[in-house]
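Engineer: Could you have a look at this structure, given as structure tokens, before my questions?
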Amino acid sequence: MILQSPLDISRPLWTATLVEGMADGRAAMLLHVSHAVTDGVGGVEMFAQIYDLERDPPPRSTPPQPIPEDLSPNDLMRRGINHLPIAVVGGVLDALSGAVSMAGRAVLEPVSTVSGILGYARSGIRVLNRAAEPSPLLRRRSLTTRTEAIDIRLADLHKAAKAGGGSINDAYLAGLCGALRRYHEALGVPISMCLGCRQPRAEGDAAGGNQFTGVNLAAPVGTIDPVARMKKIRAQMTQRRDEPAMNIIGSIAPVLSVLPTAVLEGITGSVIGSDVQASNVPVYPGDTYLAGAKILRQYGIGPLPGVAMMVVLISRGGWCTVTVRYDRASVRNDELFAQCLQAGFDEILALAGDPAPRVLPASFDTQGAGSVPRSVSGS
């Protein structure tokens, strides 16, 4: 209920709730942050200072207390508008510089210049258009969601990815595709669909805010062989990331940021019409502690920006967690989907060798019917 409830816009757009009294003396921290503040990778950078690398670290010097400012929403909007010309002027100057350079090339090499312009235009069309037709099973939307989560050892997923000739991200998406294929087949529904995946940030990106650029894939859900599925994903990821117009949304983001919400939603909704969005958020490879307590798992429950489901993989402390938040109007059979999620990733882990490692369900019982949900967070 905490994560489903809207945040109070008259207060900072985040809450932190400590849940104590769990099994074996454990506790859970529920951190609810608006996506208007940052995205997953930005959140990792923002909160890095609160974690320790040992249980009882030496005391650190306290940073100076910030000077509070009494700002109204209008003040914040005014600051954003004042900053907008700087961003726009910078973009215009870059565009003019590029135009002058292009004009010079057009005189010397007219054929190649025109070809480059047409190539960028075609690339923009490929980036903005959906990569595949949406799934008829996942088209319905509502205001009700459900979340499932599984745990995977990072070493096992890495070994399986290497055996399949791909990266951890390729194995992650291949496991998700396998889960979706099983779910569609069990319900007798065609499985041609599109899956959106967020592209990693560039080194120069700021810690806060949100990154608009994403890689839109035609997910090979119908490919049965997991290795072939992984290779198809890798080929698409490589091709899409090399698109000249890959950052076309990021280029116009300064202007989008001051548009009314309804207009912005209309633009972003027409850009990526995916059924599924998947994010991969690497956190910390080693052990980390919070107030002396070791962090065992971290689960990312993402928003649903008009899609049927949002999937988040977080790797931390030698474990990967895969959390799926879905619209219950699209995914109506909860138990079946949980079984398919487990089976889809078990299929990928089987590539790691014999004996094959298995997925550990974090939010559902492996017995299926009559399962009792349990906590998906611990520390």
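Quick note: the coordinates plus some simple rules give every number you see, no bench work behind them. The model shown is predicted, which means the values in this text are computed figures rather than measured ones. With ideal geometry, Cβ positions are generated from the backbone for all residues, glycine too; neighbour counts draw on all protein chains shown.
Engineer: Which whole-Hz couplings ³J(HN,Hα) result when phi for each residue of the stretch 298-305 is put into the Karplus expression 6.51 cos²θ - 1.76 cosθ + 1.60, θ = phi - 60°, listed in order with x for Gly and Pro?
Structural biologist: Along the stretch 298-305, the couplings run 9, 10, x, 9, x, x, 10, x Hz.
Engineer: Output ³J(HN,Hα) for the stretch 179-189: one whole-Hz value per residue in order, computed from phi by the Karplus curve 6.51 cos²θ - 1.76 cosθ + 1.60 with θ = phi - 60°, and x for Gly and Pro.
Structural biologist: 5, 5, 4, 4, 5, 5, 5, 5, 9, x, 10
Engineer: If you don't mind, another one. To make sure I understand, if each residue's beta carbon is the centre and we count other beta carbons within 10 Å, what order do ASP56, ASP275 fall in, fewest to most?
Structural biologist: ASP56, ASP275
Engineer: Would you mind calculating the gained length between ALA155 and GLU133 on full extension (0.36 nm times residue separation, minus the Cα-Cα distance), in nm to one decimal?
Structural biologist: 4.4 nm
Engineer: Here is a follow-up. Which order, highest average first, do 318-326, 222-230, 62-70 follow once you tally other Cβ atoms within 10 Å for each residue and take the mean per peptide?
Structural biologist: Per-residue Cβ counts within 10 Å, averaged per peptide and sorted highest first, yield 318-326, 222-230, 62-70.
Engineer: Can you tell me how much longer the chain between LEU290 and PHE47 gets when fully stretched, taken as 0.36 nm per residue apart minus their C-alpha distance, in nm with one decimal?
Structural biologist: 86.4 nm
Engineer: Which ³J(HN,Hα) values, rounded to whole Hz and listed in residue order, are derived for the stretch 350-357 from phi using the Karplus coefficients 6.51, -1.76 and 1.60 in 6.51 cos²θ - 1.76 cosθ + 1.60 with θ = phi - 60°, glycine and proline given as x?
Structural biologist: 4, 5, 6, x, 10, x, 6, x
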